[in-house]
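Worksheet: one structure, shown below.
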Protein chains: 2
Amino acid sequence: MNTAELVELAQQLRVDSVRAAAAAESGHPTSSMSAADLMAVLLARHLRYDFERPDHPGNDRFVLSKGHASPLLYAAYKAAGAIDDAELLTFRQLGSHLEGHPTPRRLPWVETATGSLGQGLPVGVGIALSGKRLEHGRYRVWVLCGDSELAEGSVWEAVEHAGYEHLDNLTAIVDVNRLGQRGPTRHGHDLGAYARRFQAFGWHTVEIDGHDVDAVDRACGEAAATAGQPTVILARTRKGRGVAAVEDREGMHGKPLPDAEEAIAELGGVRDLHVHVQEPPAARALHSVPTGPIELPRYDRGDEVPTRDAFGKALVALGHARADVVALDGEVGDSTRTELFGKEHPDRYFEFYIAEQQLVAAAVGMATRGWVPYAATFAAFLTRAYDFVRMAAVSGSGINLVGSHAGVAIGQDGPSQMGLEDLAMFRAVYGSTVLYPCDANQTAKLVVAMAGLDGIRYLRTSRGASPVIYGPDEEFPVGGSKVLRSSEEDLLTVVAAGVTLHEALKAADLLAEDGIRIRVVDLYSVKPVDRRTLRRAAEETGCLLTVEDHHEEGGLGDAVAEAFTDGRPVPRLVRLGVRTMPGSAAPDQQLHAAGIDADAIASAGRLLVGEAVVR
Amino acid sequence: MNTAELVELAQQLRVDSVRAAAAAESGHPTSSMSAADLMAVLLARHLRYDFERPDHPGNDRFVLSKGHASPLLYAAYKAAGAIDDAELLTFRQLGSHLEGHPTPRRLPWVETATGSLGQGLPVGVGIALSGKRLEHGRYRVWVLCGDSELAEGSVWEAVEHAGYEHLDNLTAIVDVNRLGQRGPTRHGHDLGAYARRFQAFGWHTVEIDGHDVDAVDRACGEAAATAGQPTVILARTRKGRGVAAVEDREGMHGKPLPDAEEAIAELGGVRDLHVHVQEPPAARALHSVPTGPIELPRYDRGDEVPTRDAFGKALVALGHARADVVALDGEVGDSTRTELFGKEHPDRYFEFYIAEQQLVAAAVGMATRGWVPYAATFAAFLTRAYDFVRMAAVSGSGINLVGSHAGVAIGQDGPSQMGLEDLAMFRAVYGSTVLYPCDANQTAKLVVAMAGLDGIRYLRTSRGASPVIYGPDEEFPVGGSKVLRSSEEDLLTVVAAGVTLHEALKAADLLAEDGIRIRVVDLYSVKPVDRRTLRRAAEETGCLLTVEDHHEEGGLGDAVAEAFTDGRPVPRLVRLGVRTMPGSAAPDQQLHAAGIDADAIASAGRLLVGEAVVR
């Protein structure tokens, strides 16, 4: 396409954005119009992409970080022949694939769900890392960002990491339209302000008029030709470009144009240009992954092993069996034990320093390329990345997240380092799996099982050593549980997991001395939960006492309640959890102070059983 | 103190750090030793602080962002005479005020809890904003950061905002010891790399040898004298400085020195220097806050009003009555309606652009200075700041957070914009309050009530209009609920809040047509929860059906279960919540698709009541 044709194509993208939003009676046409020239040039001149084969290994990857500009994206899909005009006009309607913000659940050409700003670039960094370090591919990653979202810290985690890793296969194009949702951005049209920031982090910068298609073309070419550093194209644009009633005006965000017909006329009317998008270069598919037999470490009963150690060693073994497993660290690999993987498989180990948003985003990016990522940090610090976890679920991304140092049991380091909200946080995520092992053999099996699941998989590990109670050949299906103590005389069932499981076993011994028999269930699969076992325990013992090293809300206690939310009669459900704000103390002191140790369980048991007897 | 004395003081801080960690058998002495000269000079020559009056309005404010270097902080407290040597040696023990990471819950001189890295500077920005824009005070804010934590995006949100706001009362001192927890940082001792980044964001930078006390002294003086921009002092240091066995060595993070006695000898032995810290200048206390009568907007029953509108208007009214109320926006003030406050009270309104971590951190910082902050963004985007919320609870901070656009009811924008995890997220936070109003009068009352509570207060508001069902004089105590439908024949209780409350009322009408009477409870106070009313409903109707526009885990359903976790018999507890991943659709279509609209409630009701009748 020549200059005139590119200009026409950009106008078509504007017109179709206006039409889609008008049909939907909602959406973000003005945010689409500012970036239309950028998109037109990228699509027609630089993107190498086979829309019929979105999984082509040679395809460039495009991420619309400013996801609210979805009308522009869908207009581009139409221009490329991937969707037709009728589908374009289903925008935002029930059942349409064209959602308000694009998601890969609905459209195969979308790499990652966006709409929460500041996500596209960090995910793009993950894809670019895969391209450069794992696939050794020639594809480029293009990320179209808004200027408002450059206020997000996650963007600067990505800018820092991309610069540090010399990701010259990554280009960010920033649509500097100077207007955010509620008004002007901090830096308005001052491209230099952005350029100084990116340059300081080691990026190549190009400043252009984003409505000059030839300038956009040259900038994209310059980006592709730049070696050794990522490039940002800073494009000065005007929001609502091309329609005087909205162009560069405040108060025009996130709504259809006041008069769509007039606007379309002003833009030169409806067009039906088709773009021939460049074919991707021939490329090898990622080697099919040989899944060999996994030789997991085997632990003897009675050994004292921290589950974080068992995680690290199992991950190493998994890495030997599966070439598609990668590990990501947030500068705590010595604590989470991912560093063991790094020593064995350095080519598949990624250090993200203390940047948990980039850590999780990179996992999402690598998962788009078929890798099976395990990203680990302290459970407490995964709270930093909750928006990325939530959005990964919107994407339907399959990633493994591992949070170590769970609960008060970590001891002296105190509450800032204690994961006490992580179970609630991960359980509330759509389609998630939440696992919380109590011993080394169980941990090893769950680390392997995670790899084969869909969605967000979370494994919670502990800092301190705990006794191995299962044999190395025991199986632990996700969604299952283990009944560790059981008799026909059980008056109570204690449901626990992780560190409290061992306390529950001790409590069972204490109560047995009093002649009180209790059932003990190891609920290692917190989500999905083993309803059948819990229901049987309820029928047979009448009362379930949950004990968790987590705040009482949203964790193990809530997971157990799930088994009884279908209208059936509910047993007595009693919770022990962390109700206080802990300080520093030794691990056993912490468990005692929180009222979740064996003594506390036994006391609660006596009380509840006494009530049962009285009843 | 002269140079020689400063050097001696720094050695004392090192020795005391080593001693404290040795006594605790844990802690971070090497991270303390690198920053000892920085701390010694700051304490002896620049900090203006009355340890006997931590609330003195003229006090400088010091934040130890690298909270793991707590031994250094406590050693400084000892040198300043705030604690004695015996207390220093209680470090990290059960019941000690000297926790592994410092918290204001235990020590009056600590501004904010740290230990999750990347928090100190954003909170410091909040304090500095208070100093500059609210108090017009002369105090300085000094934040001692680690170099590793500069990888956190939250730090760059703070750097950007401080530069933008010209916070020349803020100084960051970065202890560039080049070693993180697991190994070298990205930039090692390259001070220039950091300087370029800070300069690009508008900071004044000073690069020094952090072990040269005269250089540190000059740098602090230069920072204090710099007008119009914040200053960062980039100090090249060596981790474990002064003890050859650990100095500048990897693998020495977060553990006592291998031989404390030898180390103390190498450092010149125990000293007992006392520092006379400069008095703060005379300063006015923050004006005592006149709490006048609050003239809340009044809404008529039947009016259709979005609760986000009611929030915004109530906040304006509260701002008229209370001069200590401030509002903070994350670039969505037009959507959350905080912009109404901004128009009425521009001097107490703060724009943070799309930087939710800085948004919440600033609220924490302002709360340390006695302000009552209301920070608002979309409920979904508060997930960005979960670590800051969690740490605010560790601090015991009193802040109000408001999340708009809750649930699938927002409609076409789709899942990226829907708060569907927020109730779980906020409920799991220690000491939090979670409120979810369904009408405008209720919202107004709760906005006022929040101001007077302790801890994290969360208000969930809705995008769409809902009918006003309460009169303007109705009271809504926190921890209460409202029984809106009730009879002696009730066979079921529906518990709802916000948008689903209105669906529940419609369902009650539908069921009444079938001759089925149900009770309807408005659970506007999700935490704390009204156990008494729920228990009475359980006794009288036998079955509680919760309906929530939130994922089923950790939200309203779990809140209701809380009322029955004390061992008492549990009613049948049934949940309706969002089990699917929504797409784009109209609000009523969304409620229907999620199975939480009136039809779904009525269907569930018929089923459950049928069972009740059969039983």
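Each residue in the stretch B:460-496 was checked for being on the phi < 0 side of the Ramachandran plot and assigned to a loop (DSSP other than H, G, I, E, B), and 24 pass. Looking at the stretch B:535-565 only, could you name the residues that are surrounded by fewer than 24 Cβ atoms within 10 Å (Cβ to Cβ), over 11 Å from B:V495 (Cβ atoms) and within 13 Å of another protein chain (Cβ to nearest Cβ)? Listed by number, the residues that qualify are B:G542, B:E552, B:E562, B:F564, B:T565.
Assess whether B:E222 counts as being out of contact with any helix residue (DSSP H, G or I) (no Cβ under 8 Å at 6 or more places or on another chain) and more than 13 Å from every other protein chain (Cβ to nearest Cβ). The answer is yes for B:E222. Which of the residues belonging to the stretch A:385-435 are at the interface with chain B (Cβ under 8 Å from one of its Cβ atoms), β-branched (V, I, T) and not in a helix (DSSP H, G or I)? The one that is at the interface with chain B (Cβ under 8 Å from one of its Cβ atoms), β-branched (V, I, T) and not in a helix (DSSP H, G or I): A:V429. Among the conditions (1) at the interface with another protein chain (Cβ under 9 Å from one of its Cβ atoms); (2) hydroxyl-bearing (S, T, Y); (3) under 30 Å from A:E8 (Cα atoms), the only one that A:Y77 does not satisfy is (1). Restricted to helices (runs of 4 or more DSSP H) entirely inside the stretch A:509-615, those with at least 2 residues that are closer than 28 Å to A:I410 by Cα are A:556-562, A:587-594, A:598-614.
Of the strands (runs of 3 or more DSSP E) contained entirely in the stretch B:121-225, those carrying at least 1 residues that are among the acidic types (D, E) fall at B:170-176, B:204-209.
When the residues of the stretch A:372-429 are narrowed to those that are more than 19 Å from B:Q417 (Cα to Cα) and of a type in the set (S, T, Y), which ends up farthest from the chain's Cα centre (by Cα)? Per the criteria, the residue is A:S416.
Looking across the stretch A:378-425, the residues that are in contact with a His (Cβ under 8 Å, 6 or more places away or on another chain) and among the aliphatic types (A, V, I, L, M) come down to A:A379, A:A380, A:A406, A:M418, A:L420, A:L423, A:A424. In the stretch A:566-576, of all residues being without any contact (Cβ under 8 Å) to a residue 24 or more places away in the chain and not charged (D, E, K, R), the one that is surrounded by the fewest Cβ atoms within 10 Å (Cβ to Cβ) corresponds to A:P569.
Only one of the numbered conditions (1) touching a residue at least 24 places away in the same chain (Cβ under 8 Å); (2) of a type in the set (A, V, I, L, M); (3) out of contact with any strand residue (DSSP E or B) (no Cβ under 6 Å at 6 or more places or on another chain) is violated by B:L318, and that is (3).
Figure legend. Inter-residue proximity from the stretch A:73-93: first residues in the same structural domain as A:A40 (by TED's automatic domain parsing), second residues of a type in the set (K, R), beta-carbon distance below 6 Å, spacing 6+ or different chains. Indicated pairs: A:L88/A:K78. One residue alone among B:E295, B:E261 is part of a helix (DSSP H, G or I) and either free of Cβ contacts under 8 Å to residues at least 40 places away in the same chain or over 31 Å from the mean Cα position of the chain (by Cα) (or both), and that residue is B:E261. A residue that is over 22 Å from B:A361 (Cβ atoms) and within 13 Å of chain A (Cβ to nearest Cβ) can be found somewhere in the stretch B:452-468.
Residue-wise test of (1) of a type in the set (K, R); (2) within 8 Å of another protein chain (Cβ to nearest Cβ); (3) farther than 20 Å from A:W371 by Cβ.
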position	(1), (2), (3)
A:L64	no, no, yes
A:Q93	no, yes, yes
A:L107	no, no, yes
A:V110	no, no, no
A:G131	no, no, no
A:H136	no, no, no
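Among the residues of the stretch A:339-352, the one identified as in contact with a helix residue (DSSP H, G or I) (Cβ under 6 Å, 6 or more places away or on another chain) and touching a residue at least 40 places away in the same chain (Cβ under 8 Å) is A:F352. Across the stretch A:383-399, a minimum of one residue is classified as of a type in the set (K, R), within 17 Å of B:T383 (Cα to Cα) and at pLDDT 95 or above. Exactly one residue out of A:H56, A:H68, A:H97, A:H101 is within 27 Å of the chain's Cα centre (by Cα), surrounded by 24 or more Cβ atoms within 10 Å (Cβ to Cβ) and outside any helix (DSSP H, G or I), and it is A:H101. Scanning the stretch B:479-534 for residues that are within 14 Å of another protein chain (Cβ to nearest Cβ), of a type in the set (A, V, I, L, M) and under 23 Å from B:R427 (Cα atoms) turns up B:V494, B:V495, B:V526, B:V529, B:L534.
Between A:G319, A:G333, the distinction of being farther than 25 Å from A:T103 by Cβ and crowded, with 24+ Cβ neighbours inside 10 Å belongs to A:G333 only.
Remark: pairs (first residue in the stretch A:183-212, not assigned by TED's automatic domain parsing to the domain that holds A:A172; second residue surrounded by 18 or more Cβ atoms within 10 Å (Cβ to Cβ) and of a type outside the set (F, W, Y); Cβ separation under 7 Å; 6+ apart in sequence or on different chains) are absent. Assessment of the stretch A:583-604 against the conditions (within 11 Å of chain B (Cβ to nearest Cβ), buried (at least 23 other Cβ atoms within 10 Å of the Cβ) and more than 30 Å from B:S26 (Cβ to Cβ)) yields no matching residue.
Any chance the stretch B:281-299 includes a residue that's more than 30 Å from B:V468 (Cα to Cα), surrounded by 17 or more Cβ atoms within 10 Å (Cβ to Cβ) and modelled with pLDDT of 95 or more? Checking the stretch B:281-299: not a single residue is more than 30 Å from B:V468 (Cα to Cα), surrounded by 17 or more Cβ atoms within 10 Å (Cβ to Cβ) and modelled with pLDDT of 95 or more.
The values are calculated or read from the model by the stated rules, or taken from the named source; none is laboratory data. From a predicted model like this one, the values you see are computed outputs, not experimental measurements. Backbone-built Cβ (ideal geometry, glycine too); neighbour counts: all protein chains shown.
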